[in-house]
Amino acid sequence: MVDMTLPVESVWDFPRPPRIERVDLRLVVSAFGKIVADTNTGYRILETSHPPTYYIPNSDVALEFLIEGEHSSYCEFKGRAAYFSISTEGKRINNAAWSYPEPTSHFSDIANHLSFYASDAVQCWVGNEPVISQPGNFYGGWITKNLRGPFKGVPGSRFW
């Protein structure tokens, strides 16, 4: 059943260039049975063909579970991203989260925020809705039951 707090949305109605908006729903991230992040004051970024990516303030993240890595990437809209691994209980998930330490001015609200890849090892929720990861291993969108696709990231979607 769809969480009634999440309206039905098509990712094909999302804008390009992307738009940032405040999220008042609870966002939770856990790994290895530990809560890694929990907030009611996140942001989401909406971009055509992508499920939303959610950003959680560093102040609501258990930073002791994160290890900054050497990997980085560049987004034409947000700037240079830094990546983090989650490590706890002697277990590690490499490049499980990312941030934009110095985002472009349009996305300055996500400075000092982290976003997480949903996966089998990293469970995420939007409100009461468990998240499914965006297909592929590059994009980090969170798919909830209210979203309509198709979603970028599936095989053959590289040049959509």
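The values are calculated or read from the model by the stated rules, or taken from the named source; none is laboratory data. The structure presented is a predicted model; accordingly, all values stated were derived computationally and were not measured. Neighbour counts run over all protein chains shown; Cβ positions are idealised from the backbone, glycine included.
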Filter the stretch 80-98 down to residues that are touching a helix residue (DSSP H, G or I) at 6+ places or on another chain (Cβ under 8 Å) and buried (at least 19 other Cβ atoms within 10 Å of the Cβ), then give me how many there are. 1
Boolean, Pro103 is buried (at least 22 other Cβ atoms within 10 Å of the Cβ) and in a strand (DSSP E or B): no
So the strands (runs of 3 or more DSSP E) completely within the stretch 12-63 holding 1 or more residues that are over 19 Å from Asp109 (Cβ atoms) and in contact with a helix residue (DSSP H, G or I) (Cβ under 7 Å, 6 or more places away or on another chain) are 34-39, 50-57
Complete set of residues in the stretch 117-160 that are of a type in the set (Phe, Trp, Tyr), touching a residue at least 24 places away in the same chain (Cβ under 8 Å) and buried (at least 22 other Cβ atoms within 10 Å of the Cβ): Trp142
Residue in the stretch 60-73 that is farther than 18 Å from Cys124 by Cβ and of a type in the set (Ser, Thr, Tyr) present: yes
Might you check whether a residue that is part of a helix (DSSP H, G or I) and over 18 Å from Val131 (Cα atoms) occurs anywhere in the stretch 75-89? no
Would you call Thr5 within 28 Å of Pro150 (Cβ to Cβ) and in contact (Cβ under 8 Å) with a residue 40 or more places away in the chain? yes
Could you grab me the full set of residues in the stretch 95-118 that are within 17 Å of Ile67 (Cβ to Cβ), of a type outside the set (Phe, Trp, Tyr) and either modelled with pLDDT under 95 or under 14 Å from the mean Cα position of the chain (by Cα) (or both)? Asn95, Ala96, Ala97, Ser99, Leu114, Ser115
Of the listed residues (Thr41, Thr48), the one being more than 13 Å from the chain's Cα centre (by Cα) and either closer than 21 Å to Ser157 by Cβ or touching a residue at least 40 places away in the same chain (Cβ under 8 Å) (or both) is Thr48
Looking at (1) part of a strand (DSSP E or B); (2) closer than 21 Å to Glu47 by Cα; (3) free of Cβ contacts under 8 Å to residues at least 24 places away in the same chain, which is the one condition that is false for Leu114? (3)
